[in-house]
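Just below is one structure, and these are the notes that go with it.
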There are 4 protein chains.
Amino acid sequence: MAKLKFGLVGGGHGAFIGQVHRMAAELDGLAELVCGAFSAEPNRSRSAGMDIYHLPAARAYSSFSAMFAAEQQLPIGQRMDFVVIATPNHMHFPVAEEALRTGFHVMCDKPVTFSLEQALLLQKLIQHSGLSFGLTHNYTGYAMVREARELVRSGVLGAIRRVNCEYLQGWLARAEPQNKQAQWRTDPARAGVAGCFGDIGSHAENLVSFVTGLDIESLCADLSAFVDGRELDDDGNVLMRFRGGAKGVISASQIALGKENDLRLQIYGSAAALEWQQADANSLVVRFADKPAVVHRAGGIGTSATAMAATRLPAGHPEGYLEAFAQLYKDFCLTLRGDKSAGDFPTIVDGVRGMRFIEQVVASSNAGGQWLPFG
Amino acid sequence: MAKLKFGLVGGGHGAFIGQVHRMAAELDGLAELVCGAFSAEPNRSRSAGMDIYHLPAARAYSSFSAMFAAEQQLPIGQRMDFVVIATPNHMHFPVAEEALRTGFHVMCDKPVTFSLEQALLLQKLIQHSGLSFGLTHNYTGYAMVREARELVRSGVLGAIRRVNCEYLQGWLARAEPQNKQAQWRTDPARAGVAGCFGDIGSHAENLVSFVTGLDIESLCADLSAFVDGRELDDDGNVLMRFRGGAKGVISASQIALGKENDLRLQIYGSAAALEWQQADANSLVVRFADKPAVVHRAGGIGTSATAMAATRLPAGHPEGYLEAFAQLYKDFCLTLRGDKSAGDFPTIVDGVRGMRFIEQVVASSNAGGQWLPFG
Amino acid sequence: MAKLKFGLVGGGHGAFIGQVHRMAAELDGLAELVCGAFSAEPNRSRSAGMDIYHLPAARAYSSFSAMFAAEQQLPIGQRMDFVVIATPNHMHFPVAEEALRTGFHVMCDKPVTFSLEQALLLQKLIQHSGLSFGLTHNYTGYAMVREARELVRSGVLGAIRRVNCEYLQGWLARAEPQNKQAQWRTDPARAGVAGCFGDIGSHAENLVSFVTGLDIESLCADLSAFVDGRELDDDGNVLMRFRGGAKGVISASQIALGKENDLRLQIYGSAAALEWQQADANSLVVRFADKPAVVHRAGGIGTSATAMAATRLPAGHPEGYLEAFAQLYKDFCLTLRGDKSAGDFPTIVDGVRGMRFIEQVVASSNAGGQWLPFG
Amino acid sequence: MAKLKFGLVGGGHGAFIGQVHRMAAELDGLAELVCGAFSAEPNRSRSAGMDIYHLPAARAYSSFSAMFAAEQQLPIGQRMDFVVIATPNHMHFPVAEEALRTGFHVMCDKPVTFSLEQALLLQKLIQHSGLSFGLTHNYTGYAMVREARELVRSGVLGAIRRVNCEYLQGWLARAEPQNKQAQWRTDPARAGVAGCFGDIGSHAENLVSFVTGLDIESLCADLSAFVDGRELDDDGNVLMRFRGGAKGVISASQIALGKENDLRLQIYGSAAALEWQQADANSLVVRFADKPAVVHRAGGIGTSATAMAATRLPAGHPEGYLEAFAQLYKDFCLTLRGDKSAGDFPTIVDGVRGMRFIEQVVASSNAGGQWLPFG
């Protein structure tokens, strides 16, 4: 069975996430990059295709529209099967819309769109298209994050009471006028209504939802823009009340100086509790009321079949960010191939909920930190 | 110079904190326990004095009033110099009031009183008495907590932007009808308006204030009582806005299953950041914008004179909870002896602010999580 | 510039390291697997090629000899450029010998051969061939391991005095008759004179040599075979004296129950010291005589250009075992492409020294733990 | 029941361990310092007694002989019950000998004497005296070290196979001519035949013996003196073979730059394994063949009665070096009071074995690293 073929939109010179998508998508030998529209500027797209991705010039397209048009004409077996969208947020919708219209499955970076309105519209387009749409909330690909969800689902935690999710970065602690990654993330015209909460707060929300399965009932947010002249939030805290009585707090920041990419999740139930952090991604600590804490390990004895399926290496051979990211692509590709048992990747449902979260967080904060209903 | 002498109110059979006060007060060889009123029940007080504290029967008093009356009559050199109050919260004020009236200095467990009103009244009594009053927010005694404060004061952090303080315990995750410690802490008649936030949330507030020196401007709290039938909060999150623009969040819980006594503080400034946690109490991680993180160690090279003064052992010989607690007693005793350079212990000023915090947190939560001004 | 093409010998059903080589070699987009001889049994080779590696049947060869013969005939641009040897140890030499004879570069798993004699012979063959030969001591690919070497080279440590290297696994704590990986590693006919020290002790030696640049002068070893009936060592400790006066100890075990793959290196110099462990692979702790410890981080501020070149992701996005492994392939491929600045991969020189280490360790232990000269 | 009374020999100005003994002995309210001979120089002894220990001048004696003579004359209830010996090594025997002769129990710092010959002689004196003799190998006082021993005794580890004990310090990485602690420890006339191995290697041996109960059968040592002009070892590694087939290695160093006081113990059995380190003294990791690792915690659920008896505080309230040290005093004092269930402190048996270890380690190293029989 041949590898699936994909094209990439975005990921040109100076980008970070484009290469991540390429490495992640190809890691498990199920897919290969065959084309792309790497920049809105045709020459830069071509040079990126050749220099970064080692593609023939003909398949480094001058625009995503040109790519979809050309690939559509290629025979199956040559043309791309799906497109990866790794652009700034404002371009997600137009690219996805055109991909779906021209018959290509989509893997899209998060947040899914520029606005909730767009997300809802996209959801309809996807439903009508019959095509697959994945959203790269990549932290859900870690084996121990999936183990956490398994433990919640198994009931071992009892009723969930408290959730803490902290996602702290420091790279935007200062204005970063020369940093291409910083520019668009702090620009309302490209990022949307939120900065930090669009970029990483949305990951935190997704992680909480993925692991706990809880629905937010209402929330109260206090966002800040600490760097002078910054138009979007670079930091914030959100209190959450979940349906059923659990409480939670998300702290997200991009001005947490010295923090690199610290994502940490704690879930406390009536019978047991979980703690996971990306800095020790291959461990999951489980604590109990009646016995000492246990440390589950990726690939280790006693982990669930679900977690084992998201593990490539024996325990103690650390898997990291790329492997977690790759897991989503693996699940996406297996789904495209018709494997009904796969499919464990975030979809437009997560995307819509995520955009609602972003917009309600901003609305709450703009209202001075009022509690707003959610959903 | 002879040791200072002290009496203890509370700390009878089944108590935990009484022995802690005794060990902490005596550790540095500056004070010794000479008497006490260990229980409201005279026989139990006497047996505790003899069995637990190895005191002569005559100085295990039947009540704190009896103790103050008797000790007052003893000649200096025999009679106690100060009293330690280690009772449930509702007794702090009456004992302290009588101690001050009869001429004894006071070391009092936290929170300082049952209510803010009492705290304000006590503040006046202290001022009029000319006596010393210390409050055992013991976490401020850790060398690395003091180092953190020194670093903030030195300006190395720049302007503080974000503060996270997490204090999580799990021991009240269930109803604990047989646990004496649990009983009074969950009883509004003895604990006051708050449960978890009176007991440990107040420590978190004090720690934040101690290290940062920031003033809370307003706060928004969401408290919960997760255990059926519990009348006081056993969990909560508080958003804070500080004067000058910094933001913060305190998470405190006593239902965080499996968490023992996890106190963790993060402070992010415009130029550097700090992280400390009790589980690794002898380290302080300092992160910078422009260079790799540095780990300060209790007793280690490069720590401040202030931190060194709160260190008894060479680096790598772990000092723990008792040593931190003892540091407050050391500072208190040196102050009583007239050492003007000492005095680094929480006072009624912290007590009043702490009670205001407790009451505003409860008020905010009771109002559905509204923002309330502070101070 | 097109990707380099490679074939794989070994890596059939039930193998672990074959897929690792495939993922590592392909990660950076510089190479792609095009053929292989995955099993000594032709049908199993073919099915592995198709099922695991998604190759056309024609290029899943019935034997490595058949592969070299056929690939030699293919035009450049189609045929493989190099071969990856991922077989049990006894097959390394015959496969490598034939690869060199038929004009293919080689990447070979460790230890390089079955015996020192073979390694020396192979060294000559390589020299005469003019082809490139890499040895996958993959731990040298970690950015922070390379940072460690940079710090040693920079002189910041002063004169090295003490080296501790611990490599502990527990997966062979029992006889594992059903485990294909265990079978050949404990079989003298396939593994060579050493078990644990051939498999992982050799990694420890290589890591020490790579980071410190020190030459072993003499050594004293005490090996054990703890599992009943096991013919080769499954555990051992080796004392080392280095030229110039430094001392060291390597502890390696495959019966260290519960240890997964714990590799830990400590180097103490006269002016500074280093500590690295795979469980926290993206950190390197540097300790000094005169100031607090500093934590270097992969991708972090202040790391060397060499370490940055071995880093794909921003700091805080964990890179793991596969990425470190991939780094060797990246350096190998860049070398094949003529990049003179690359070439940072272990070679036959490491292989020969490693085999000498293995044989002297076994000889010392067999002599009751006598000190033997080295080199 | 009144507190036991003790005198201290050593512990004058500039000493470190004297105050440690005082704090440790007094912590649990069972003993109090009443006298001492703090320096060989009478005036300095007197000023130490008054300034450091707040004793009356009359009981700060001019010499240990004067102390024993005077205290012997005091009525029971006033006079000291036991003496604490906290001098350099060469004085342990003469002080202990005189204490026993004049009827005082002894708590002695380690190593027990200057030489094995002295230790054997002291053993006889103790036996004839009928008095109690404790040896402050203080690391055996940690609750989790005792838990480790309980787990070994329970059989949960199966047969022990491998033991690693690492005790690394860096404070003697340079000549320290001004440091009183360094002076005597590097002086053969006061320290004995060993430097690092007398000071901390002996702790490692004791810890291994305490937890495993194994007997060393033979050993092979390689010691170094890295600092120019140093007469005694400041670093070394020792291979051990235990009766019954287990193997072990002790690494000890005082030139491990940046290491503070890092003591780490790993024990691997056929069925489970243990890991403890002083830097995380309140945890004990237990690993198994068939299930995930478990973390035992001081004061935590599921710890043994023995460990609970060595715990003063609820889990999560860190106990450190002083508390572990105090545990030996607690056990010693309870024994003096006739509590037959106590007595869990190292004795002259440990002292004799420890001196034999020191002398054989030095002999092996002096013989070029030969294996020597032990015991």
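Every number here is computed from the coordinates shown, using simple stated rules; none is lab data. Keep in mind that what you see is a predicted model, and the values were worked out from it rather than measured. Cβ atoms come from the backbone with ideal geometry, glycine included; neighbour counts cover every protein chain shown.
Tell me, A:13, D:92, A:90, D:296 in order of fewest to most beta-carbon neighbours within 10 Å? Before the final figure, lay out each step's value.
Values: A:13 15, D:92 28, A:90 18, D:296 25.
With the sparsest Cβ surroundings first, the list reads A:13, A:90, D:296, D:92.
Could you name the lysines in cross-link range of residue A:180, using Cα to Cα under 18 Å and dropping any fewer than eight places away on the same chain?
Within reach: A:110.
What does the net charge come to around residue B:316 if you take all other residues with beta carbon closer than 15 Å to its beta carbon, with K and R at +1 and D and E at -1? It would help to have the intermediate numbers written out before the result.
Working: positive: B:297, B:312, C:287, D:259, D:264; negative: B:280, B:319, B:323, C:275, D:166, D:199, D:260, D:262, D:280.
Once all neighbours under 15 Å are counted, the net charge is -4.
Over region C:4-135, calculate the relative contact order: mean separation of alpha carbon pairs under 8 Å at least 6 apart, over the residue count, as a percent. Can you show the working numbers first?
Working: 246 pairs, mean separation 28.9, N = 132.
It comes to 22 percent, rounded to a whole number.
Could you tell me how many degrees, from 0 to 90 and to the nearest 10, lie between the Cα long axis of helix B:116-129 and the main elongation axis, the longest principal axis, of the Cα atoms of chain B?
60 degrees
From the phi angles alone, apply the Karplus equation (6.51, -1.76, 1.60; θ = phi - 60°) to region D:362-374 and give each ³J(HN,Hα) in whole Hz, x where the residue is Gly or Pro.
Here the 3J(HN,Hα) series is 5, 5, 4, 5, 4, 8, x, x, 6, 6, 10, x, 10 Hz.
Answer rounded, prolate or oblate for region D:82-137, using the Cα gyration tensor with square roots of eigenvalues a ≥ b ≥ c: rounded when a/c is under 1.5, else prolate when a/b is larger than b/c, else oblate.
Oblate is the answer for region D:82-137, as a/c is 1.5 or above yet b/c matches or exceeds a/b.
Just to confirm the number: angle between the C-alpha axis of helix A:17-26 and the first principal axis of chain A, 0 to 90 degrees, nearest 10?
90 degrees
For chain A, go through all pairs of different Cα atoms, get the mean of 1/r, take its inverse, and jot down that Kirkwood value in Å. Before the final figure, lay out each step's value.
On the way: mean 1/r = 0.0474 Å⁻¹.
Evaluated on chain A, it is 21.1 Å.
When the Cα centres of region C:191-217 and region B:20-60 are compared, how far apart do they sit, in Å?
62 Å
For peptide D:318-330, what's the mean number of Cβ atoms from other chains within 10 Å of each residue's Cβ?
Values: counts 15, 6, 13, 9, 11, 7, 3, 2, 3, 0, 0, 0, 0.
Rounded to a whole number, the mean comes out at 5.
Amide H neighbours of residue C:258 under 5 Å, at least 5 residues apart or on other chains, H built in the peptide plane: list them.
Under 5 Å from the amide H of residue C:258 lie the amide H atoms of C:170, each far enough along the sequence or on another chain.
If each Cα of region B:4-135 is one equal point scatterer, what is log10 of I(q)/I(0) from the Debye formula at q = 0.09, 0.13, 0.14, 0.17 Å⁻¹?
Per q value, in the given order, log10 I(q)/I(0) is -0.22, -0.47, -0.54, -0.81.
In square nanometres, what is one fourth of the surface area of the convex hull spanned by the alpha carbons of the protein assembly as shown?
Here the figure is 51.7 nm², rounded to one decimal.
Relative contact order of chain D, please, whole-number percent, based on alpha carbon pairs below 8 angstrom and at least 6 residues apart.
On the way: 851 pairs, mean separation 72.2, N = 375.
Once normalised by length, the contact order is 19 percent.
Within region C:256-353, report the trypsin sites (Lys or Arg not before Pro) that DSSP leaves as loop and that have at most 16 other Cβ atoms within 10 Å. Please list the in-between numbers first.
On the way: sites: C:259, C:264, C:287, C:297, C:312, C:330, C:337, C:340, C:353; in loops: C:259, C:312, C:337, C:340.
Of the trypsin sites (Lys or Arg not before Pro), the ones in loops of region C:256-353 whose Cβ has at most 16 other Cβ atoms within 10 Å are C:337, C:340.
What list of ³J(HN,Hα) values in whole Hz, one per residue of region D:5-13 in order, does the Karplus curve 6.51 cos²θ - 1.76 cosθ + 1.60 (θ = phi - 60°) give from phi, with Gly and Pro shown as x?
Coupling constants for region D:5-13: 10, 9, x, 10, 10, x, x, x, 3 Hz.
How big is region D:108-224 in terms of Cα radius of gyration and Dmax, in angstroms?
16.6, 49
Taking the Cα centre of region D:37-88 as origin, sum charge times position over the Cβ atoms of Lys and Arg (+1) and Asp and Glu (-1), and report the length of that vector in debye to the nearest 20. Before the final figure, lay out the partial values.
Values: 4 positive and 4 negative charges, 14 e Å.
Result for region D:37-88 is approximately 60 debye, rounded to the nearest 20.
Give me the one-decimal Kirkwood hydrodynamic radius in Å for region D:235-291, with the sum taken over alpha-carbon pairs.
Working: mean 1/r = 0.0750 Å⁻¹.
For region D:235-291, inverting the mean 1/r across all distinct Cα pairs yields 13.3 Å.
Give me a single rounded figure for D:273-279: the average over its residues of other chain Cβ atoms within 10 Å of their Cβ. Don't skip to the end; give the middle numbers.
Working: counts 8, 2, 4, 0, 0, 3, 5.
Average neighbour count from other chains, rounded to a whole number: 3.
Straight distance only, please: which lysines reach the Cα of residue C:247 with their own Cα at less than 19 Å, same-chain residues fewer than 8 apart left out?
D:259
For chain B, modelled as a Gaussian network with Cα springs under 10 Å, which listed residue fluctuates most, B:350, B:235, B:215?
Of the options given, B:215 has the highest mean-square fluctuation.
So, with +1 on the Cβ of K and R and -1 on the Cβ of D and E, and no other charges, what is the size of the charge dipole of region C:288-350 about its Cα centre, to the nearest 20 debye? Please report the intermediate quantities before stating the final value.
Numbers: 6 positive and 7 negative charges, 34 e Å.
That gives a dipole near 160 debye.
Would you mind checking the tilt of helix B:202-212 against the longest principal axis of the Cα atoms of chain B, expressed as 0 to 90 degrees and rounded to 10?
Between the helix axis and the principal axis of chain B, the angle is about 60 degrees.
Quick query: amide H of residue C:107 versus all other amide H atoms, modeled in the peptide plane; which residues come in under 5 Å with a sequence gap of 5 or more or a different chain?
C:83, C:84, C:85, C:134
Average partner chain C-beta neighbours within 10 Å, per residue of A:66-77? If you can, show how the numbers build up before the last one.
Values: counts 0, 0, 0, 0, 0, 0, 0, 0, 0, 0, 0, 0.
Whole-number average of other-chain Cβ neighbours for A:66-77 is 0.
With +1 on the Cβ of every Lys and Arg and -1 on the Cβ of every Asp and Glu, and nothing else charged, how large is the dipole of chain D about its Cα centre, in debye rounded to the nearest 20?
Details: 34 positive and 38 negative charges, 132 e Å.
I would put it at about 640 debye.
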